[in-house]
Amino acid sequence: MTPDRWIVTLLGLLLIAFIVWFFWLKKPTGTRATATAGGYQEALILVKGGYTPDVIVVQHGKPVRLNFRREETATCSEMVLFPDFGKSIQLPTGQTVAVEFLPAKPGEYEFACQMGMLRGKLIVE
């Protein structure tokens, strides 16, 4: 093999390794909810083509308030579901809606739109 073929092959393998790491192996660190004076762990989640941030880290045994602000009109994002906590909340466009619950035990809990296209994760430590 000529040197230029070695370089192209090496660059191709490096690109494949990066794609595998980025899409399948990279673990999101998440955004830690901030403690408020009222005792809640609170975070603001922007809904626009997805949830930003989409991974929230909280502590168990302390009340959580997630404030969702929907900035789009897509029908998929009209509602957010927390199946593990028995919550489903309507999200009107341009308004901030609070979701409050108490995570009793550590774990990873998913939340999503009613169609399952927009997804997020709550990590309870």
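The values are calculated or read from the model by the stated rules, or taken from the named source; none is laboratory data. Note that this is a predicted model, so its numbers are computed, not measured. With ideal geometry, Cβ positions are generated from the backbone for all residues, glycine too; neighbour counts draw on all protein chains shown.
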Test THR96 against the criterion of being in contact (Cβ under 8 Å) with a residue 40 or more places away in the chain and farther than 17 Å from HIS60 by Cβ, and give yes or no. yes
Assess whether THR29 counts as being exposed (fewer than 14 other Cβ atoms within 10 Å of the Cβ), among the β-branched types (Val, Ile, Thr) and touching a residue at least 24 places away in the same chain (Cβ under 8 Å). yes
Could you check, for region 4-22, whether at least one of its residues is exposed (fewer than 15 other Cβ atoms within 10 Å of the Cβ), part of a loop (DSSP other than H, G, I, E, B) and either at pLDDT 90 or above or not acidic (Asp, Glu) (or both)? no
If we keep only residues of region 32-72 that are of a type in the set (Lys, Arg) and free of Cβ contacts under 8 Å to residues at least 40 places away in the same chain, then the residue surrounded by the most Cβ atoms within 10 Å (Cβ to Cβ) is ARG70
